[in-house]
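Undergrad: Sharing a structure, written as structure tokens. Questions coming.
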Amino acid sequence: MSTHYPVSITARHPYALYQSSTGLDMSHGCHQQHIELDQAFFFHGPMLFFVWRCAEGWPVEYVSPNIARLLGYQADDVTSGRVPYSSIVHPDDLQRVAAEARTGSAEGQETFEQEYRLLHANGETRWISVFMMIVREPKGTITHYYGYMLDITKHKQSEEKARQSSEILQMFIDTLPQPVFWQDRTRVYQAFATMAGVGTPEQVIGKTDDDLAWQPEEAEFFRMMGERVMQTDTAEQTIVERQVQADSKLAWLNTNKIPLHDEHGQVNGIMAIFDDITERKQIETELETSQQFLRLIIDHIPQAIFWKARDLTYLGCNQYFADAAGLVSPGDIVGKNDFDMPWVDIADLYRADDSHVMEHDKPKIGFEEPFVDVEVGVTNETKWLRTTKIPLHTTEGDVFAVLGLFEDITERKQQEIELQMHQFALDHASDGVELMTPDGQLVYVNTTACKQLGYHRDELIGKTLADIDPNFPPHQWSIMWNYIKQSGSILLETVHQRKDGTIFPVEISGTYLQIGDKEFALGTVRNITERKRQEAERTRLQEQVIAAQRATLRELSTPLIPISDTVVIMPLIGTIDSQRAQMILDTLLEGVARRQARLVILDITGVATVDTQVAQALITTAQAVKLLGAQVMLTGIQPQIAQALVQLGVDLRGIITRATLQVGIASALQNTTKQH
């Protein structure tokens with residue numbers, strides 16, 4: 001049933017209306033003092049009391065006096081109509097208030113409540129909460145609204161601040177790159193919902209790990225970790241978890257789980273926040289693989305590598321360096337310094353170099369330094385190293401360490417010394433050395449060759465053999481090259497031409513040489529000027545000896561013996577050839593002329609045979625001697641020779657013949673005596 005209040009009572013006795021609305025009955029004999037306290041509370045309390053007539057604009061028939069304190073208006077401003085109630089309702093709320101009043105006034109309703117804004121007399125906005133009672137006539141027509149209102153502005157402001165804070169927090173959490181959730185599933189946020197494959201946070205609420213996209217073993221692990229946090233009331237930090245996401249992609253998570261407490265301090269759940277570290281894990285895996293690969297390379301390159309801190313303690317090294325230091329593995333060197341190493345005697349040298357590189361931030365490249373190897377340290381044998389040291393920098397550019405690498409060049413140093421010795425020996429060899437390409441171009445000459453030719457080395461390099469040997473023009477060299485390549489070597493005499501144009505004889509010993517895929521002719525060149533002079537002298541001496549021998553032989557083969565002032569004898573023995581015949585003729589003619597001989601006895605007792613050539617030589621000799629005014633006597637003719645002369649038809653007219661040399665000498669001496 002609707003409540004029916006006489007309008008006249010409302011107009012004349014407002015406190016009576018309050019009594020009616022609160023159920024108080026003054027007719028029951030309440031004390032006047034108590035009534036006054038209630039009125040003071042009513043008129044001076046935080047609530048305003050209104051009586052509105054059910055008419056357009058909600059004309060106010062009564063308002064409690066405390067309106068002046070709460071809204072800044074006088075009561076008669078509102079009840080007189082000077083300030084219509086509809087004008088103090090916030091314009092943005094006016095239609096909503098009217099609609100709610102219509103809805104609240106529906107038949108059967110006796111009360112309804114509203115919250116809306118009123119405009120203070122100073123222009124400020126105040127939020128009020130209104131409790132309305134509907135007053136109807138017996139027929140049910142609404143005549144009035146009784147209501148009291150409470151200023152809830154501060155409460156609304158607190159709500160607004162809380163709402164804004166909640167929205168900011170919601171926005172912050174929803175935009176965090178890390179997913180966040182509460183383990184009791186009362187609330188989760190968008191990043192976690194997306195990862196869980198359910199779309200929105202609301203769809204996650206009430207679900208367990210088994211209901212989400214995790215693998216069974218993952219769900220069990222998550223549940224176990226959550227229970228441990230709640231049971232121990234201890235946060236778990238940086239838990240690395242493997243997770244297969246809703247899209248079937250493998251993810252790695254770095255999770256922090258924190259216990260949540262109720263108002264009594266009891267654990268009632270957990271909050272978790274985690275980072276997707278999949279990319280970081282991939283980078284770490286790739287980095288670890290790269291580091292392993294780099295370590296493999298570093299440990300197997302033929303150079304020793306180390307790195308030291310600013311305090312000159314070792315930070316690391318490769319296996320080669322560890323072996324040189326007598327250590328089992330590279331890790332054993334960390335924290336040690338050079339005074340702990342086998343090379344303690346020269347530690348100061350190394351440390352000075354390392355400090356210089358770091359202090360001056362300047363690398364030292366490829367310098368040589370001594371080194372004591374563990375294996376040879378007992379004998380105090382020193383090896384040689386080729387070392388490079390480079391300063392290492394932080395991301396800010398500060399030097400924090402030095403990187404050193406070196407290789408053992410002891411063998412190379414020895415080879416260099418040997419090479420220098422060989423080069424010295426080669427350059428100062430007594431013979432010139434020339435290295436030529438297949439086209440005859442000089443690519444190397446030693447010092448001796450330069451001196452022989454009168455050139456500087458750089459002047460000779462690039463010249464061809466034709467430039468220094470007139471006997472070998474290009475076409476001739478081509479033939480010579482093919483011969484050297486086929487036979488492997490050659491020995492020949494030729495000439496070389498000096499820079500000043502003079503020529504000198506040389507003997508060249510050429511050898512085919514192949515180095516890799518390149519071919520050369522290596523020539524050892526000997527100046528044979530002195531040898532040629534000596535050979536010429538020797539030839540001259542030989543010729544003199546031969547001439548003397550020839551003269552002696554001639555004297556022996558054609559002896560001319562005087563037996564008187566006018567008679568000479570030439571006994572002939574052996575075979576007579578054309579050369580000897582000529583010698584016989586020359587000797588006889590010279591002897592006849594020199595001695596003024598009148599008779600020459602040719603004794604052929606020792607001649608075994610006489611042929612036409614010998615016979616002709618005898619006749620020629622006789623004729624020549626006759627021209628000098630002398631006569632020839634032929635003695636010692638053997639029977640077989642006489643027969644041969646007859647058979648040959650030799651004309652011996654003009655030649656005296658006697659059987660033996662003895663008869664001939666006697667006849668010659670007899671004739672000489674007669675003449676005297």
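Undergrad: Using the Karplus curve 6.51 cos²θ - 1.76 cosθ + 1.60 with θ = phi - 60°, work out ³J(HN,Hα) for each residue of the range 537-547 in order, rounded to whole Hz, and write x for Gly and Pro.
TA: 5, 5, 5, 5, 5, 4, 5, 5, 4, 4, 5
Undergrad: Moving on to the next point. Taking the Cα centre of the range 274-353 as the origin, how large is its charge dipole in debye, to the nearest 20, when only Lys and Arg (+1) and Asp and Glu (-1) carry charge on their Cβ atoms?
TA: It comes to approximately 120 debye.
Undergrad: Among rounded, prolate and oblate, which fits the range 410-544 when a ≥ b ≥ c are the square roots of the eigenvalues of its C-alpha gyration tensor, a/c under 1.5 means rounded, and a/b larger than b/c means prolate?
TA: prolate
Undergrad: Rg to Rh for the range 210-344: what is it, with Cα atoms only and Rh by Kirkwood?
TA: 1.24
Undergrad: I would also like to ask the following. Quick check on my link table: of K207/K281; K463/K518; K499/K532; K485/K518; K485/K532; K249/K281, which ones sit more than 23 Å apart, alpha carbon to alpha carbon?
TA: Among K207/K281; K463/K518; K499/K532; K485/K518; K485/K532; K249/K281, the Cα-Cα distance tops 23 Å for K207/K281; K485/K532.
Undergrad: I would also like to ask the following. List the residues whose amide H sits under 5 Å from the amide H of T605, counting only those 5 or more places along or on another chain, with H placed 1.01 Å from N in the peptide plane.
TA: L572
Undergrad: Let me ask another. What ratio of Cα Rg to 2.2 N^0.38 Å holds for the range 525-636?
TA: 1.42
Undergrad: Per residue of the range 621-629, in order, report the coupling 6.51 cos²θ - 1.76 cosθ + 1.60 (Karplus, θ = phi - 60°) as ³J(HN,Hα) in whole Hz, putting x for Gly and Pro.
TA: Each residue of the range 621-629 in turn: 4, 4, 5, 5, 4, 4, 5, 8, x Hz.
Undergrad: Next up: Counting only protein heavy atoms and using a 1.4 Å probe, what share of the accessible area of the range 448-584 belongs to carbon plus sulfur, as a whole percent?
TA: Summing carbon and sulfur atoms, their accessible area is 54 percent of the total for the range 448-584.
Undergrad: To continue, here is another question. Rolling a 1.4 angstrom probe over the protein heavy atoms, how many square angstrom per residue are accessible across the range 510-647?
TA: 57
Undergrad: Using per-residue counts of other Cβ atoms within 10 Å, averaged over each peptide, order 407-416, 141-150, 624-633, 511-520 from highest down.
TA: Most protected by this proxy first, the peptides run 141-150, 624-633, 407-416, 511-520.
Undergrad: Based on the mean of other beta carbon atoms within 10 Å per residue, what is the order of 477-485, 157-165, 595-603, 394-402, most packed first?
TA: 595-603, 477-485, 394-402, 157-165
Undergrad: In the range 495-617, what percentage of the DSSP-assigned beta bridges are antiparallel, given to the nearest 5?
TA: So the antiparallel bridges in the range 495-617 amount to around 70 percent.
The values are calculated or read from the model by the stated rules, or taken from the named source; none is laboratory data. Since the structure is predicted, the reported quantities are computational estimates derived from the model, not experimental observations. Every residue, glycine as well, gets a Cβ built from its backbone with ideal geometry; the counts of neighbours run over all protein chains shown. We work out accessible area using only protein heavy atoms, side chains counted, and drop any ligands, DNA or RNA first. Shrake-Rupley method; radii C 1.70, N 1.55, O 1.52, S 1.80 Å.
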